[in-house]
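The values are calculated or read from the model by the stated rules, or taken from the named source; none is laboratory data. Just so it is clear, the structure is predicted and the values come from calculations on it, not from any experiment. Using ideal geometry, Cβ is built from the backbone for each residue, glycine included, and neighbour counts are taken over all protein chains shown. Heavy atoms of the whole protein, side chains included, go into the accessibility calculation; ligands, DNA and RNA do not. Shrake-Rupley method; radii C 1.70, N 1.55, O 1.52, S 1.80 Å.
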Amino acid sequence: AAGNNTLGQVTRNSNVGTSNALGENIAQAYGLHYCVTKRYDEAIGALQSGAAVVALASKGGVFTNTGHYVVLAHVDADYLYVLDPLCREEYKTNNSRKLNILQPGLVSLANKDVAGAAKFSSFMIFHARGAFLESDSANIE
């Protein structure tokens, strides 16, 4: 998936797909701080502060029937905007029609629908050293 082996390290396994080691490798390669959280509000706060946020969309949500990483691109008063590297023109999992496809690879989801429809289970947050987060820990719960 998405260049997992460019650093010559294994970040996929047969049990759960891509592990968070991928995020650690990216952060190290670009000199970024990295943390993981399961809290949506913390991920959105990081996004609004200028961090890059990668979300794991879990099985049963509008993005996937398995698991899939997407990038949270922007949030405003009404919508969350998401970059999807698969650049889909339609989502078979979007039965509720809550996902708005703006163009392949760029979708929006009403903020009121994120919790029930997206099924985000964790967020990888990348930020410049000395940026907004007080903690430099690998995991924030």
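Among the residues of region 84-102, is there at least one that is outside any strand (DSSP E or B), without any contact (Cβ under 8 Å) to a residue 24 or more places away in the chain and among the small types (Gly, Ala, Ser)? No, every residue in region 84-102 fails to be outside any strand (DSSP E or B), without any contact (Cβ under 8 Å) to a residue 24 or more places away in the chain and among the small types (Gly, Ala, Ser). The residues of region 30-44 that are open to solvent by 30 Å² or more (accessible area, probe 1.4 Å), over 11 Å from the mean Cα position of the chain (by Cα) and of a type outside the set (D, E, K, R), listed by number, are Tyr30, Gly31, Leu32. Which residue is most open to solvent (accessible area, probe 1.4 Å), if the candidates are limited to region 56-76 and must be of a type in the set (Val, Ile, Thr) and under 10 Å from the mean Cα position of the chain (by Cα)? My answer is Val71.
Take Val53 and tell me if it is buried (at least 21 other Cβ atoms within 10 Å of the Cβ), assigned to a strand (DSSP E or B), aliphatic (A, V, I, L, M) and within 11 Å of the chain's Cα centre (by Cα). Reasoning before the result, please.
Numbers: buried (at least 21 other Cβ atoms within 10 Å of the Cβ): yes; assigned to a strand (DSSP E or B): yes; aliphatic (A, V, I, L, M): yes; within 11 Å of the chain's Cα centre (by Cα): yes.
Judged against the criteria, Val53 is a match.
When the residues of region 77-106 are filtered to those that are touching an Asp or Glu at 6+ places or on another chain (Cβ under 6 Å) and open to solvent by less than 70 Å² (accessible area, probe 1.4 Å), which remaining residue is farthest from Val54 (Cα to Cα)?
Our first condition is that a residue be touching an Asp or Glu at 6+ places or on another chain (Cβ under 6 Å); within region 77-106, this holds for 98, 104-105.
Next, from what is left, pick out any that are open to solvent by less than 70 Å² (accessible area, probe 1.4 Å): 104-105.
On the way: Pro104: 18, Gly105: 14 Å.
Only one residue tops the list, namely Pro104.
Out of curiosity, is Gly23 in a helix (DSSP H, G or I), open to solvent by less than 60 Å² (accessible area, probe 1.4 Å) and farther than 23 Å from Gly105 by Cβ? When the stated conditions are applied, Gly23 does not pass them. Can you tell me how many residues in region 47-75 are β-branched (Val, Ile, Thr) and more than 18 Å from Leu32 (Cβ to Cβ)? The qualifying residues number 5.
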